[in-house]
Structure formats: C-alpha cells, structure tokens
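S.K.: After the structure tokens below, expect a handful of questions from me.
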Amino acid sequence: MASNTFSTTRAPNGSKHAASGREFPTRIALPLQARKPLQALLNACLADALDLYSQTKQAHWNVKGPNFYQLHLLFDELAERVEGHVDLFAERVRSLGGNALGTVRMAATGSSLPEFPGSLTTDLAFVEALAERYATYGAHLRAAIAESAGLEDQGTADIFTEASRAADRGLYFLEAHLQGRPLP
Ligand SMILES: [Fe+2]
C-alpha cells in the first residue's frame, strides 16, 4: 500500500476493527473527534508492528545459507526493536481513551503486511522479503506521522517518528546486504 493511501479509514483484509472498541473517559486535552482517528492509526500500526515482529522472528529462526549466523543475529536485533514500539503504540491508544487491539489474532486481521513467504531457500531471499516489509511498514509510519500531526497530536506524531526512524534504520541494515541487486 502506498504511503499516501494509508489512513484511519483503511480496512486491512476487509476489517475495520482498528477503529472499533470501547471509549474510556479521559481528562486528556484532545477532543474526541481527534482521539478516535488517532486510536485507529495507532491500532493499525500496532497490528503492522506485531505482524512485522513475528515475521522477523520467523526469518530469524528459518534463515539458512552461508550467512546464516550473522543474519540470525541481525534479525533478532531488528525484531527486538520493533517489539519496543509495539508497547508504545498500545499504551498510547490507552492514553487517548481507546482499547489497544494487540492479540495475535487481532494483529493478523488488522495488519496490512503480506504473509511471510514459506518457500524461501537462500539467505538473501530472507533479507529481501524482510526489506520489502520494512519498507511498507516505514511508509505507513510516515503517513501516520503526517496524519497525527494534522490532528494536532504531536505526542502521537513523536511516537510514529521514533518508530519510523527505527524502521528506516532496519531497512538500511537489510539493504546493505542487497547491494547490486535490482530494486523490485
Ligand atoms: Fe532466538
């Protein structure tokens, strides 16, 4: 999905659950009409991040080939960084009076990332599959920064900005292994 099409109204896999859930009263100085789309944005990124975390671990466990060990370690480090942002997204939803939608099933329904391929045979194919997913995740975060800033919530925009920098760094580490290979 291109970054400019990412919005609070997107319905990954036909679901709109990111915008659902009970609203809790809060004294926070943000109007409800801004909090609702911010909650949806955060839950959408939460689903993507949980999915990306599990896909990165999937690569960590299953990668094989001459670069096995260093990729095994790199994928574990990348997964750990994504996992850190999962908690930030979920707790920010709660700060804004919404429900965090963070079970594995919720993430599977809400994620906009494609499933990790099951038929990869070379170490660089694992790197390539992850690079595509980190690029997509990074594009969604960039759009989320703009949308949350547009809703005048710099605190949420800051969380997306931090996650976006980490996604870009992850992509850099992955693409460094792919020098000389054509972009998809
Ligand atoms: Fe491990």
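S.K.: Give me the extension gain from R169 to Y69: residue separation times 0.36 nm, minus the current Cα-Cα distance, reported in nm with one decimal.
M.R.: 34.0 nm
S.K.: Hey, another quick one. List the longest stretch of the chain that has no exposed loop site; here a site is one of the trypsin sites (Lys or Arg not before Pro) assigned by DSSP to anything other than H, G, I, E or B, with at most 12 other Cβ within 10 Å.
M.R.: Working: sites that count: R22, R27.
The reported range is 28-184.
S.K.: Another one. With a 10 Å cut-off between alpha carbons and a GNM built on the chain, which of L50, L73, L174 moves the most?
M.R.: Greatest mean-square fluctuation among the candidates belongs to L73.
S.K.: Moving on to the next point. What is the sum of charges around Q33, taking Lys and Arg as +1, Asp and Glu as -1, for the other residues whose C-beta is under 13 Å from the C-beta of Q33?
M.R.: -1
S.K.: Please compute the contact order of segment 31-178 in relative form: average sequence separation of alpha-carbon pairs under 8 Å and at least six residues apart, divided by the residue count, as a percent.
M.R.: It comes to 30 percent, rounded to a whole number.
S.K.: Hey, another quick one. For E91 and R181, calculate 0.36 nm times their separation in residues minus their Cα-Cα distance, and state this gained length in nm to one decimal.
M.R.: So the chain would gain 28.5 nm between E91 and R181.
S.K.: What accessible area per residue comes out for the chain, rounded to a whole number of Å², with a 1.4 Å probe?
M.R.: Details: 9280 Å² over 184 residues.
In whole numbers, the chain has 50 Å² accessible per residue.
S.K.: A further question on this structure: Between R22 and N62, what FRET efficiency follows from the Cβ-Cβ distance if R0 is 45 Å, with the result rounded to 0.05?
M.R.: Approximately 0.70, to the nearest 0.05.
S.K.: Still on this model: If I model the chain as equal point scatterers sitting on the Cα atoms and use the Debye formula, what is log10 I(q)/I(0) at q = 0.11, 0.13 Å⁻¹?
M.R.: -0.46, -0.63
S.K.: Hey, another quick one. How far is helix 123-150 tilted off the main Cα axis of the chain, in degrees rounded to 10, range 0 to 90?
M.R.: 20
The values are calculated or read from the model by the stated rules, or taken from the named source; none is laboratory data. Bear in mind the structure is a predicted one, so any value in this text is a computation, not a measurement. Note that each Cβ is placed from the backbone with ideal geometry, even for glycine, and that neighbours are counted across all protein chains shown. Each accessible area value is taken on the protein alone, full model and side chains, heavy atoms only, with ligands, DNA and RNA left out. Shrake-Rupley method; radii C 1.70, N 1.55, O 1.52, S 1.80 Å.
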